[in-house]
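Written out below as C-alpha cells is the structure these notes cover.
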Amino acid sequence: MYMFLIERNVVHIVARTRVLPSQNRNFHTTIFKSKVQAAPVPHPVPLSRLTDSFLDGTNNVYLEELQRAWEADPNSIDESWDNFFRNFVGQAETSPGISGQTIHESMRLLLLVRAYQVSGHMKAKLDPLGLEEREISDDLDPAHYGFTEADLDREFFLGVWRMAGFLSENHSVQTLRSILTRLEQAYCGSIGYEYMHIADREKCNWLRDKIETPMPMQYNRQCHEDILDRLVWSTQFEKFLATKWHTHKRFGLEGGETLIPGMKEMFDRSADLGPLRQIFSEFSGDKKPVDEVGLCAGTGDVKYHLGTSYDQPTRGGKRIHLSLVANTSHFEAVDSVVLGKTRAKQYYLSDVDRTKNMGVLIHGDGSFAGQGVVFEILHLSALPNYTTGGTIHIVVNNQVAFTTDPRSGRSSQYCADVAKALDAPIFHVNGDDMEAVVHVCELAAEWRQTFHSDVVVDLVCYRRYGHNEMDEPSFTQPKMYEVIRNHPSALQIYQNKLLESGQVTREEIDIIHEKINSILNGESLVSKDYVPQRRDWLASHWTGFKSPEQISRVRNIGVKPEILKSVGKAITSLPDNFKPHSTVKRAYLQRAQMIETGEGIDWALAEALAFATLVVEGNHVRLSGQDVERGTFSHRHSVLHDQETGEKYCPLDHVIINQDEEMFTVSNSPNSLVIWEAQFGDFSNGAQFIFDQFISGGEAKWVRQTGLVVLLPHGYDGQGPEHSSARLERFLQMSDDDPFIIPEMDPTLCKQIQECNWLAVNVTTPANYFHVLRRQIHRGFRKPLIVMAPKNLLRHKDCKSNLPEFDDVEGHPGFDKQGTRFKRLIKDQNDHSDLEEGIRRLVLCSGKVYYELVKSAKRKKQRMLQYVGSNSFAPSHMTLFRENLSVIRVHAEIVWCQEEPMNMGAYSYIVPRLYTAMKSLQRGSMDDIKFVGRPPSAATATGFCPVHEEEQKQLRQKAIQPEPIEFP
C-alpha cells in the first residue's frame, strides 16, 4: 500500500508488495520488477502538492488539522472530507456495537474498500491454468491498515455515502469479516475489474452498482440450459472440424470456447442460422464458387479470412443483422475497416444516437498490446467525425502470441492496459468460468449502450493445440502444455458444475450433444452437393452495380452549365456577418470572379465544384485526413473560421436548401465519394498493409468493391526526401493489368477498367480532376482511385481550366480540349509543324513536369517535339499510346520523362507497356524507349534545394535537346 510519512513538511511515499502463492509460475507472465532489483528512491512530495481527498491521507496531524477546519467551517474543506466528518463525528457514541472505534479506524477501513476497488483484480483468479504468479500489493492486506484477526467480528460504522456499491446500502454498521467477504466476492473471484482510472464519477458509480451487488450472476434453469447449449455448440463444432479435416490449419478455438456463448449474449442466438454449408464446403477445398450473373468469383482466400453476414432472431422476438468482415492475417488491420463500416451504416440508416449499429472487435493478446493501430482507433473513438458510439473490444487472451510469452511481448501488466489511456473499463475474466464470461459480456453490452464509449473484455484462456493445429507448442512452452494436456475443457467444467448443483441432468446433457452432432453430420452430408454462391459471402448485393463479367458503359460526367453557375455561386458566397481571415476572404472573392467569368478556374475550385455537384445530385461526400479542412498547402479552405467569434462555416454545407449537415463531411484526420488525403504523399507508408490487403486485393479475395479515393500530394519542389514522392511505383507495382496484352477497347465501354484492381492517376488540369472525381460515382461499378495530387500546380499560372470544360455540352468551346469526361492523355497545345509526321521526338510525361517541358519548348521554339501528359497510369492506356505513335514518323524518338529517380516513379511500369504498343506497330525495340529523369537513388530526392534546382534544370534541358537522347 502507499504510506504517507510526514517529515519536516515533506511527504515520502513508500510502496510495499507481497507475492500471492502459486504453483510453477516463473516462466510465463511478467508483472512487477523482481525483488532482487533495487527499489526506486522515493521522491519527496511537498504538502502543498497533496490533493484534499480523504482517500489520500492517513497522517494524524493532517487529519486533525482538517477536522478543526471542518468544525470551524465545513465549506472550507473538500466535499469528500465534509462528507466523511458528517458521517463519523459523534456517530461512534450513538451507534451500538462500535464503542472504541475512532475516525482513524473508519478512514483506514474506507481506504481498504477503495484498495479492493482499485487493485482487487490483482487477487482475482484469472488464469484457467493456475500458472500465473503475481505480486499483490499490501493495499489488499487488512493488517497494513492496523486490523488484526481479533477485529474480524467487530462491527464498524461505515456511514451512508453518496456513492454506489455496498457503501450506498442501508447497512451503515457491518463487521470487518462481512465487509471483506463482500469485497473478495466482488473483486477477487473469476473476474478482475479495472475501472477506477476512469475520471467520471457517474460512470464509476454505475459500475460499482453492477459489481458490488450481493449476487451479480444469478441465472435460472432456462438460462443455464441456453448457455450450456451454446457452449456445446462451440466445443463440438471445433471437435467436428478437427475430426473431418485433421490435416487442415483451422486456428481453432479450443481453450477459448467460452468466447462464443459470451458473444451470443451480446447478439443472441444464431447457431441454427449460420452458413454452415458454406464453411464446410470451404474446408473441403474441392469447389470454387460459381460465377453468378453480376458477381465475379475472384481469387478467393483461405477459409479463416472470409467474411459473411446474416440475420438472426433474438430471445425478445427482434431480428438483428450480423456482419463478419473479411480480414487478413495482419493482426488488427481490420479494426479500422470494421469501425468505418459501422460509421457508414449509422449514417445511411440515420442512426443519430448510434444505438442501432455497433462494432465488436475481437483481438489477440499479443496484437492488442503490440500493434499501434489499436492505440490509434481508441483515440479516434470519441472524435465527432469518427465516433461509432462505442466499440466492444474482446481480447482472446490465450497467453501465447504465436510462440511468444507475454513477458517477451509487452512491458505492462496486462495486454489490455493500453485501453486505460481512453478511460475505458477493462473486465478481465477467467475463460474457464462460463457464467463469469457471460456476465462480463452482458456488462460490456450494457456499458456501451448506456455510455456510448469503448469497453474491453480480456478473456484469459489458452490454446490447447498451440498457434495452429500443425504446430508443436511444447517446443517453446513445455511447462504450459504439460498442464494443458491434463486440463479439462471449459465444457467439462461447466457440465460438472451444473450436475453438482442439480441444474441439469446427465440425460439432458446427452440430448444436447446428440442434437448438435446430428445437425453437424447432416449439414456435412448436404454440403457435398452444395455449390457455393458468391452472393453468400456478400453483406449485401449492390443492386445495379456491375462486376467485370457484366458490361458497364462509359457515361458523360459533365454538368449542365446552369447548374455549374448556380452551384459555383453557392460555394463561393459567405454570410454577410461572417468575418473570415483576410487571405481567405480574398481567395473566395477570386473564386467568385472565376465563376462569374467562367475563366481561370484553379485546382481548389475545380475540386469544390466536383463535391458540390455530387451533393446536389444526392450523393454523400466525405473527405478526411490531416489538415484537409484548410489543405496542407492552404489551398482548399473548405471550412472557414470567423476571426472574431471562432465560429466555423462550411460553404459546401449550404449548396441546397435544408441540406443534411452530414451530406458533405470534412474532418481532420454505395453512392458516396469517400476520400482520404495524406498531408504528404509518402505518409501513406504507415498504412501500407491497408493498401496491400484491403484496397488493392479486396475485390479479388473477398468480392468487395470499394470506391475509396486516396489523394497523395506528389511532386519534386526541393522539399527533401520525405516531402517529394508519394511512391507511385509501389501502387503501379500492385496494379494487375498485363503489360504484354493490348486490351480490346470500345470507346463506349469500361471493360478494361472493370477488370483491373484499381486506378492510379496523375492529373494535369483542374477540369480533368473534376471529371475523375465525378467519374467515381457516375459509373456502374466501384474501383479504388489513387491520385498523385499536385502541390506546385495548385497555384500554377498555366494550370487553369475554363468553365465549359466542366459542362456536358458537346461541341462547346472547351470540348476539343476536354470533352465531357475524364481524359487519360492530354497533348500539349504548342504550335507544332503542320504534319505530325514531322515530329522527331514524342515525350511522354506526367504531373507538373509536363508544364515545365511545354514552357521550355516554347522558349526554345522547339516545334518538332510533342509532349503528351499521361493523366492515367493504371490500367495502362496502350491503345492511346498506339494511336499517338501511329501518326508520328517511324524514326521519331520515344522518351519517357519523369522527375523521380529511374528506380522509382512510373518508368518501370510504363516501359513494357509502351514497348507492347510499339511492337504492335512493328516499330523499334525496348532499347528505343529513352529515359529522362534522375539517376537511380536510394532516397527519393535530395535534401539540398540548390542541388534540386540543378537536377531539374538538367532534366528539362535533356528532354528538349536537339541531339538524340542516348539510351536509356
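Exactly one residue out of V772, V809 is farther than 18 Å from D828 by Cβ and open to solvent by 10 Å² or more (accessible area, probe 1.4 Å), and it is V809. All of (1) aliphatic (A, V, I, L, M); (2) assigned to a loop (DSSP other than H, G, I, E, B); (3) within 30 Å of N220 (Cβ to Cβ) hold for L459 with one exception: (2).
Among the residues of this structure, Q705 counts as one that is open to solvent by 40 Å² or more (accessible area, probe 1.4 Å), among the polar types (S, T, N, Q) and in a loop (DSSP other than H, G, I, E, B). Among the residues of the stretch 215-228, the ones that are open to solvent by less than 60 Å² (accessible area, probe 1.4 Å) and farther than 13 Å from Y193 by Cβ come to 7 in all. Among the residues of the stretch 198-212, those that are out of contact with any Gly (no Cβ under 6 Å at 6 or more places or on another chain) and surrounded by 16 or more Cβ atoms within 10 Å (Cβ to Cβ) comprise I198, K203, C204, W206, L207, K210, I211. Under 7 Å by Cβ, and 6 or more places apart or on different chains, what pairs join a residue from the stretch 872-888 that is open to solvent by 20 Å² or more (accessible area, probe 1.4 Å) with one that is part of a helix (DSSP H, G or I)? Matching pairs, first to second residue: R882/A917; R882/S920; V887/E836.
Checking each residue in the stretch 880-898 for being at pLDDT below 95 and under 37 Å from the mean Cα position of the chain (by Cα) picks out no residue at all. The residues of the stretch 924-968 that are open to solvent by less than 20 Å² (accessible area, probe 1.4 Å), more than 20 Å from R727 (Cα to Cα) and outside any strand (DSSP E or B), listed by number, are A959, I960, I965. Only residues that are in contact with a Lys or Arg (Cβ under 9 Å, 6 or more places away or on another chain) and buried (at least 17 other Cβ atoms within 10 Å of the Cβ) were counted in the stretch 631-648, giving 9.
The values are calculated or read from the model by the stated rules, or taken from the named source; none is laboratory data. Owing to the predicted nature of the structure, the values given are computational and were not obtained by experimental measurement. So basically every Cβ, Gly included, is an ideal-geometry build from the backbone, and we count neighbours across all protein chains shown. The accessibility values were calculated without ligands, DNA or RNA, using every heavy atom of the protein model including side chains. Shrake-Rupley method; radii C 1.70, N 1.55, O 1.52, S 1.80 Å.
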